[in-house]
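Report on the following structure.
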Amino acid sequence: GASGGTHAIEFLRTTLRRKQVDYDHGNSIGTERFHLARALTASHLVAIGVGAAIGSGVYILVGTVAREHSGPALTISFLVAGIAAALSGLCYAELSCRCPSAGSAYHYTYVCIGEVVAWLIGWALMLEYTIGGSAVARGMAPNLALLFGGPDSLPSFLSRQTIPGFDIVVDPCAALLVIVVTALLCAGIKESAVVQGVVTLMNVCALVFIIAIGGYLGFKNGWKGYELSTGYFPYGVSGMLAGASTVFFAYTGFDSVTSTAEEVKNPQTDLPIGVGLSLSICCSLYMMVSAVFVGLVPYYETNPDTPISSAFASYGMKWAAYIITIGTCTALCSSLLGSLLPQSRILMAMARDGLVPSFFSDVDGRTRVPVKSTVVTGSLASVLAFFMDVDQLSGMVSLGTLLAFTTVAVCVLILRYVPPDEVPLSPSFREAIDLVSSRRATSSRAFSSEEATSEDSRPLLLFELRTGTVNKEKRRKIATWAIAFIVTGVVVLTSASSSTLVSTTLRTVMCGVGGAVVLSGSISLSCIEQDEASRNFGHKGGFVCPFVPFFPVACILINVYLLVNLRLVSYYKHSHVTFVHFGPYFF
């Protein structure tokens, strides 16, 4: 009984154990081998963020979403999705400034929530980046073949082959591409960022070509796609919102920026700029491409496999397909680098914290990058890309993304209302303090009241410093329960709204209860004062997320809703990382 309860309490403490913000990796071992090179500026971060977010799927996604969901309102769908992604971006921006260390969402979760949840988030992100990178790499061979003349135009050592008797299609081109990108990442973070910038610029130029030439064709020949009797919202507002939930995944990738926080020269200013500009550039390009595309061809006539190429071909510009294919290839390269870069940093951060072998925490003394982690993660992605068709695992990519976005928003609420200690005491030191306090409290009973007052002043002061005043403690308890109610209410609300297994009446009741719980929790947080300790938590002087708690709560609601409906949208995420050749398979 007693021992079982002790073990349960110890397990709970381990589960909720949190790490400190200002963890000096170099001093922890007396050497500098753990220090990463601080070489990145805001321009490097923008290149990494835009390159990771704008994948080749945008060249397919516009056709599918316009045809099945949004119609001419595709531009509004991208705008709504961009606003939703910006909510997550605001949360990432604040936490990256306060906790500028490698690991991104894993690190924030470990600091604000606890060890077990951080461990789960870390492995979910590792799985996301590995599968996503492998899926991206398998898209290169078909697109290179289209670029050079046809399916059989690639040399035999690069083209796909089927292993007799095993029905396994190997992809040497995909494996080679992963190896090349891994070698680039091992060369140095600045070199990788420069190459990412060049490749991303080529991709952006292809999108600008679509916007410029498509706009010219539209103004010259009339915007046929907007002159329809069905109007701007043929599927209604609900269709536009369904399209927004689909294209939301086209914005994921900006979190790659925050994974490099430890390698940024001025993280307090450059990280928010990198996240904000990345999302702004992506949203602007997506909206302009979609506005031109849906104007050139009526939405119901779009080709779901090669929508943009077919739109240009309808105006006699078949040669434009080559430029679009080049853009697709560059998008694959930049998206692959954006997938492989964060996972090595997350693995390194987990090794530093003792959650994986310390072997992965080593940093090369010359290039100042985690070479061992990069080689191991790159090798795993290369093997997957070579042997496995990872299409059926694409939903796991979305799972890791949405879990990370949700926990980061929860972390912002915790940081503002229930911030952890900035420099937590070690267990041995905390036990020593408790022992001294109890001894002083016991011995004080033997003295006179005057002496007891003198003796008890130090334990009382220590208690106040550790636990705060009664009012502060009550406020923290209220905030803790409010955050718990918000998360619970969001789960109930989103699950009920998406369920088809219960009656309409029960769904309505559950939605009402869940919504009321979320609303009451949000109002409770807005009515109490944010904790004063949050102002000095972590590194000061950086970006602060506005309109807390409402922005983080909206972020949690959006991401949990997408998470509950993951089966409905997972393949659209894959279209963000897939390629033109596989279009018929998915659509």
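The values are calculated or read from the model by the stated rules, or taken from the named source; none is laboratory data. These figures come from a predicted structure and were not determined experimentally. Every residue, glycine as well, gets a Cβ built from its backbone with ideal geometry; the counts of neighbours run over all protein chains shown. Just the protein is used for accessible areas: all its heavy atoms, side chains included, with ligands, DNA and RNA removed. Shrake-Rupley method; radii C 1.70, N 1.55, O 1.52, S 1.80 Å.
The table that follows gives values for the structure above.
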item	result
Rounded to the nearest 10 Å², the accessible area of CYS527 at probe 1.4 Å	100
Accessible area of VAL180 in the full protein assembly, 1.4 Å probe (Å², nearest 10)	90
Largest to smallest accessible area among CYS511, CYS555 [probe 1.4 Å]	CYS511, CYS555
Long pairs among LYS190/LYS265; LYS372/LYS540; LYS220/LYS318; LYS19/LYS190; LYS190/LYS540, criterion Cα-Cα beyond 22 Å	LYS372/LYS540; LYS19/LYS190; LYS190/LYS540
Cα gyration tensor category, rounded, prolate or oblate, for the range 197-275 with a/c compared to 1.5	oblate
Accessible-area order (highest first, 1.4 angstrom probe) of the listed residues LEU176, LEU562, LEU90	LEU176, LEU90, LEU562
Rounded accessible area of ASP167 (nearest 10 Å², 1.4 Å probe)	130
For the range 312-390: Kirkwood Rh in Å [reciprocal of mean 1/r, alpha carbons]	15.1
Karplus-derived HN-Hα couplings along the range 176-188 (A = 6.51, B = -1.76, C = 1.60, θ = phi - 60°), whole Hz, x at Gly and Pro	5, 4, 5, 5, 4, 5, 4, 4, 5, 5, 6, 6, x
Separation of the GLU227 and VAL169 label points, Cα + 7 Å toward Cβ, nm	4.2
Heavy-atom accessible area ranking, 1.4 Å probe, most first, across TRP319, TRP481, TRP223, TRP123	TRP481, TRP319, TRP123, TRP223
Where Rh is the Kirkwood radius over Cα pairs, Rg/Rh for the range 44-418	0.98
